[in-house]
Amino acid sequence: MEITQVDPQSLKNHPANIEIYGDVADDDFVESCRGGILEPVLATEDNVIVSGHRRVQSCRILNHKTIPVIFRPDLKDPLDIEEALLLSNKQREKTNEQKAREYRRLLDIEKQRATIRQKSGTPAPQGDKGRADEKAASSAGMNVKTARKASKVLDVIDAAEASGDDDKADKLKDTLNNNVAKAHRDVTKKPATKPEGVGIPSVLEPTFDSLPVFQSVITTVGNLKKSVANLSDCEGGERIHLPEVDIYLNDVAEHLKAARPHTVCPYCGGSGCAECDELGWVHRDRYDGFPKDIKGV
């Protein structure tokens, strides 16, 4: 196919790329591109990058005026474009999280295609029979059982990030990338039974009724982080400094989590004392500092 030299600023990121791979060109990668790009970028006719996001990013950083691109006029359908993006990353070294996200995207593509065929009465292409999840797992480089387990862990990771609980999400990601089975056990094991407390005094009921409101706002902050990350892939989004935005929004989420009431004070039972600053309830950090024999009393 013909190689065309184009302005790297004219190329557009595919939103699935950052969601799955989180690609950011590090200093070493940028430096390797200083002398030019040897392997052309693949893109659709409307300038959406299919393969080569980090190369394009490096050329922008280095202020290169042009970058070699092969345009794929055959890629017009959104499902075909996303599948081509995923398959173009088949040989790269990937974490278990990235493989699992590939699996979920490939499985979704297979399901969408099957739905379209059903509605149109079109039979599946010859040689395209078989379980969609097995095909998706194979393309992602996992066996289907492992892929299913990893996908369940992703559900918990995504929910934790949406609620602003980045610590939980990061810990689960580390576990997932080291051992899929262990991560799956961690998210499917039954929670320990909570010790019975003294109940919530009626005077404190409005305080603890506010917990869903706290959680709703924390979730909103988590969703805002994702929205800003997606916006950074849009035209003009390169001016958004994501690390700084993440720091600010993480601070907001942590402040909200620290501000919400955790439990009725185990010393006074909610009537108010020096240990709970006369609130009748305490924060999680304060509760963690109480002696073990007093918790849950």
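Once both labels are positioned 7 Å from their Cα atoms along Cα-to-Cβ, the gap between Ala132 and Asp46 label points is 2.4 nm.
Each of Ile116 and Asp26 was given a label point 7 Å from its Cα along the Cα-to-Cβ line. The distance between the two points is 3.7 nm. Going by Cα centres, segment 217-280 and segment 106-185 are how many Å apart? That distance is 29 Å. Each Lys and Arg adds +1 at its Cβ and each Asp and Glu adds -1 at its Cβ; summed about the Cα centre, the chain shows a dipole of about 1340 debye. Considering only beta bridges that DSSP places wholly inside segment 1-77, some 55 percent are antiparallel.
The GluC sites (Glu not before Pro) of segment 210-256 meeting both criteria, a DSSP state outside H, G, I, E and B (loop) and at most 10 other C-beta atoms within 10 angstrom of the site's C-beta, are Glu235. I want to check the label-to-label distance for Asp209 and Arg284. Put each point 7 Å from Cα in the C-beta direction and report it in nm to one decimal. Spacing of the two 7 Å Cα→Cβ label points: 2.5 nm.
Here the extension length gained between Asp155 and Asp80 equals 24.5 nm, from 0.36 nm per residue of separation less the Cα-Cα distance.
Over segment 14-87, the pair-distance histogram of Cα-Cα distances with 5 Å bins from zero comes to 3, 16, 27, 23, 18, 9, 3 percent, rounded to whole numbers.
Using the Cβ-Cβ distance between Leu87 and Asn250 with R0 set to 30 Å, the FRET efficiency works out to roughly 0.30. With 25 Å as the cut-off, how large is the P(r) tail for segment 163-297, expressed as percent of Cα-Cα pairs? Roughly 47 percent, once rounded to a whole number. For the chain, the list of Cys residues with no other Cys C-beta under 4.7 Å reads Cys33, Cys59, Cys234. The gain in end-to-end length when the Gln9 to Val228 segment is fully stretched comes to 76.9 nm, 0.36 nm per residue minus the alpha carbon separation. Computed over the Cα atoms of segment 1-54, pair by distinct pair, the Kirkwood hydrodynamic radius stands at 12.2 angstrom. Per-residue ellipticity at 222 nm, computed for the chain from helices alone with -39500 (n - 2.57) per DSSP H run of at least four residues, works out to -16500 deg cm²/dmol. Under the combined filter of DSSP loop state and at most 15 neighbouring Cβ atoms within 10 Å, segment 13-118 retains these GluC sites (Glu not before Pro): Glu45, Glu93.
In terms of overall dimensions, the chain has a Cα radius of gyration and Dmax of 24.7, 78 angstrom.
Taken together, the values in this text are just the output of simple stated rules run on the coordinates, not laboratory data. These figures come from a predicted structure and were not determined experimentally. Cβ coordinates were reconstructed from backbone atoms using ideal geometry, including for glycine residues, and neighbour counts include every protein chain displayed.
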